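Visitor: Here it is, the structure, as structure tokens.
The values are calculated or read from the model by the stated rules, or taken from the named source; none is laboratory data. It should be emphasised that the depicted structure is a prediction, and the values quoted were computed from it without experimental measurement. Neighbour counts run over all protein chains shown; Cβ positions are idealised from the backbone, glycine included.
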Amino acid sequence: MEDHHYLYLGLALVSLLVVIAKRRRGPAHGHGLRLPPGPWQLPIIGSMHHLAGQLPHRAMRELARRHGPVMLLRIGEVPTLVISSREAAREVMKTHDTAFASRPLSATVRVLTSGGRDIIFAPYGEHWRQLRKIAITELLSARRVLSFRAIREEEVSAMLRACAAAAAAAAPIEMRARLSALVADATVRAVMGDRCRDRDVFLRELDRSIELSAGFNPADLWPSSRLVGRLSGAVRRAEECRDTVYGILDGIIKEHMEALESGGGEAEDLLDVLLKIQKDGSLQIPLDMDVLKAVIFDIFGAGSETSATTLEWALAELVRNPKAMRRATAEVRGAFGARGAVAEHALGGLRYLHLVIRETFRLHTPLPLLLPRQCQEPRRVLGYDVPRGATVLVNVWALGRDERYWPGDPEAFRPERFEAGAGASAVEFKGADFELLPFGAGRRMCPGMSFGLANVELALASLLFHFDWEAPGVADPAEFDMAEAFGITARRKANLLLRPVLRVPVPSA
């Protein structure tokens, strides 16, 4: 957002008189409606000055503390409802789920998703229902996720060998890059059947697309202004990103189609599944190639980025909290010590490790603001009228740190809060408990939860089983840098530089 401050100021100065005149001629906004409260606004930029210089989810929490859990902002020219309580989130994602089941398509997202033809951003309707059914029953079902176990184990083993080499050299590892590569390689193999020779380019463009999708580009904030669209390069960058990714996918899809035509056997990867569904031709809305590529891009964007971010935060919190690290490490080594390696099929017995993951989701939900929804029909939320067309943001980061739901220092990393007998023991993250929503809830809940969790659990357990972890140059773990970076996902701002100390030998390939 800081990169565009001068552009915002210039637009405000140039357009102020025009907008004021237009408003004087038009009817009063919200006449007869009980609109939600919100902070004071400026012409053109609306409420953006209240967010400047801060991470949006943090700034919105502070505003909600003053104006309430249902708050109406205007970000640029986009009316935006911000939800910051469990009760309001339940009304949006359960009581009135259908009315809020669609997504707004910003200028950049429209480009990246070929006009909303993917799963994540597709408008609520038959096209989306068809794609979601395919995702749940064919692509990301429990049976399909289980079929990729060997891939996950092979990729985790390769990562462990690299960590062992670093431990032998007493060299630190930049864990963000290592974890991102792990999840990306496992995802690529699950989707395409083999590693991608253009992986680095693909991941670079994936990062760019995630940055562009955050919704704070000038073209997204003032969609009615052609001038802003021309001045902003975000749409052009989105087109370049999409074209690069689709170009890589074109070659891979061609290879898969040739293999299927030659009788390549049963479908083994997700791309094969999609191509067979396309060839079958039984769908009400046929899968053309742009839809197929958009769905693949979704799986990478949603699956790899969020899993790698969760792994990074979990490891960072354990390093920062030695007591939790000792307990998690003792559990995993006690469970798998005789075996000499972590086995995915036995991960269900690691009770404390799963509490660590749940607490990581609470403090560091991968998407601090759930992907936006859009109000399709006028509805009331906690007694306030929500105007048709308003963008709706659920601040799950604020929900996860609200002392009303998490008493006893909600900012502290304490997996024990979820233990049997503790106040939060019954709170899960599967969409039924609205104070903990890392995957969302309702119709637009993430269908890839099992796929993402599988990548997180095996990798984290294996890293703790084989190694102790030290942060070079950090004398007091409590001072470990935990600042967040701006983006649609909340990554750590600083690199996660850790030194592995080998405790349990890593099996050779």
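Visitor: Does any residue in the stretch 418-444 that is within 17 Å of residue 372 (Cα to Cα) come within less than 6 Å, Cβ to Cβ, of a residue that is of a type in the set (S, T, N, Q) and in a loop (DSSP other than H, G, I, E, B) six or more places away or on a different chain, and which pairs are these?
Guide: Between residues of the stretch 418-444 that are within 17 Å of residue 372 (Cα to Cα) and residues that are of a type in the set (S, T, N, Q) and in a loop (DSSP other than H, G, I, E, B), the close pairs are 438/365.
Visitor: While we're here: Can you name the number of the only condition in (1) under 20 Å from the mean Cα position of the chain (by Cα); (2) more than 30 Å from residue 219 (Cα to Cα); (3) at pLDDT 95 or above; (4) not small (Gly, Ala, Ser) that residue 136 fails?
Guide: (3)
Visitor: Another one. Restricting the search to the stretch 322-350, which residues are charged (D, E, K, R) and more than 30 Å from residue 57 (Cβ to Cβ)?
Guide: 326, 331, 333, 339, 344
Visitor: Could I ask something else about it? Restricting the stretch 43-95 to residues that are hydroxyl-bearing (Ser, Thr, Tyr) and touching a residue at least 40 places away in the same chain (Cβ under 8 Å), which is farthest from residue 221 (Cα to Cα)?
Guide: Residues of the stretch 43-95 that are hydroxyl-bearing (Ser, Thr, Tyr), as a first pass: 47, 80, 84-85, 95.
The next check asks that each one be touching a residue at least 40 places away in the same chain (Cβ under 8 Å); those that pass are 80, 84-85.
Details: 80: 11, 84: 22, 85: 25 Å.
If we take residues in the stretch 43-95 being hydroxyl-bearing (Ser, Thr, Tyr) and touching a residue at least 40 places away in the same chain (Cβ under 8 Å), then 85 is farthest from residue 221 (Cα to Cα).
Visitor: Got a sec? Which of 268, 239, 261, 211 is closer than 29 Å to residue 392 by Cβ, modelled with pLDDT under 90 and of a type in the set (Asp, Glu)?
Guide: Values: 268 fails: closer than 29 Å to residue 392 by Cβ; 239 fails: modelled with pLDDT under 90; 261 fails: closer than 29 Å to residue 392 by Cβ.
Unique residue meeting the criteria: 211.
Visitor: Working carefully through the options 214, 238, find the one that is surrounded by 23 or more Cβ atoms within 10 Å (Cβ to Cβ), under 24 Å from residue 116 (Cα atoms), out of contact with any Asp or Glu (no Cβ under 8 Å at 6 or more places or on another chain) and in contact (Cβ under 8 Å) with a residue 60 or more places away in the chain.
Guide: Step by step, each of 214, 238 is checked, and only 238 is surrounded by 23 or more Cβ atoms within 10 Å (Cβ to Cβ), under 24 Å from residue 116 (Cα atoms), out of contact with any Asp or Glu (no Cβ under 8 Å at 6 or more places or on another chain) and in contact (Cβ under 8 Å) with a residue 60 or more places away in the chain.
Visitor: Please verify whether residue 126 is out of contact with any Pro (no Cβ under 9 Å at 6 or more places or on another chain) and surrounded by 15 or more Cβ atoms within 10 Å (Cβ to Cβ), treating the condition exactly as stated.
Guide: Against the criterion (out of contact with any Pro (no Cβ under 9 Å at 6 or more places or on another chain) and surrounded by 15 or more Cβ atoms within 10 Å (Cβ to Cβ)), residue 126 does not qualify.
Visitor: Here's a follow-up. So which residues in the stretch 68-90 are more than 22 Å from residue 225 (Cβ to Cβ) and within 22 Å of the chain's Cα centre (by Cα), if there are any at all?
Guide: 81, 82, 83, 84, 85, 86, 88, 89, 90
Visitor: Quick check, is residue 347 in contact with a strand residue (DSSP E or B) (Cβ under 8 Å, 6 or more places away or on another chain) and among the aliphatic types (A, V, I, L, M)?
Guide: Numbers: in contact with a strand residue (DSSP E or B) (Cβ under 8 Å, 6 or more places away or on another chain): no; among the aliphatic types (A, V, I, L, M): yes.
No.
Visitor: State the number of residues belonging to the stretch 251-278 that are charged (D, E, K, R) and surrounded by fewer than 12 Cβ atoms within 10 Å (Cβ to Cβ).
Guide: Of the residues in the stretch 251-278, 4 are charged (D, E, K, R) and surrounded by fewer than 12 Cβ atoms within 10 Å (Cβ to Cβ).
Visitor: When you check residue 59 against the structure, is it touching a helix residue (DSSP H, G or I) at 6+ places or on another chain (Cβ under 9 Å), surrounded by 21 or more Cβ atoms within 10 Å (Cβ to Cβ) and under 17 Å from residue 372 (Cβ atoms), yes or no?
Guide: Here the answer is no, as residue 59 does not meet what is asked.
Visitor: Tally up the residues in the stretch 188-202 that are hydrophobic (A, V, I, L, M, F, W, C) and on the phi > 0 side of the Ramachandran plot, please.
Guide: 0
Visitor: Please work out which one of (1) without any contact (Cβ under 8 Å) to a residue 60 or more places away in the chain; (2) over 30 Å from residue 493 (Cβ atoms); (3) in a helix (DSSP H, G or I) is the condition residue 323 fails and give its number.
Guide: Only one criterion is unmet by residue 323, namely (2).
Visitor: Give the residues of the stretch 173-190 that are modelled with pLDDT of 95 or more and surrounded by fewer than 17 Cβ atoms within 10 Å (Cβ to Cβ), sorted by residue number.
Guide: Within the stretch 173-190, 174 is the sole residue that qualifies.
Visitor: Right, here's the next one. Only one of 406, 469 is assigned to a strand (DSSP E or B), at pLDDT 90 or above and out of contact with any Asp or Glu (no Cβ under 6 Å at 6 or more places or on another chain). Can you tell me which?
Guide: Just one listed residue meets the conditions, 469.
Visitor: Now, a different point. Any idea which of 381, 386, 396, 356 is among the β-branched types (Val, Ile, Thr), under 21 Å from residue 106 (Cα atoms) and surrounded by 22 or more Cβ atoms within 10 Å (Cβ to Cβ)?
Guide: Matching residue, one of 381, 386, 396, 356: 386.
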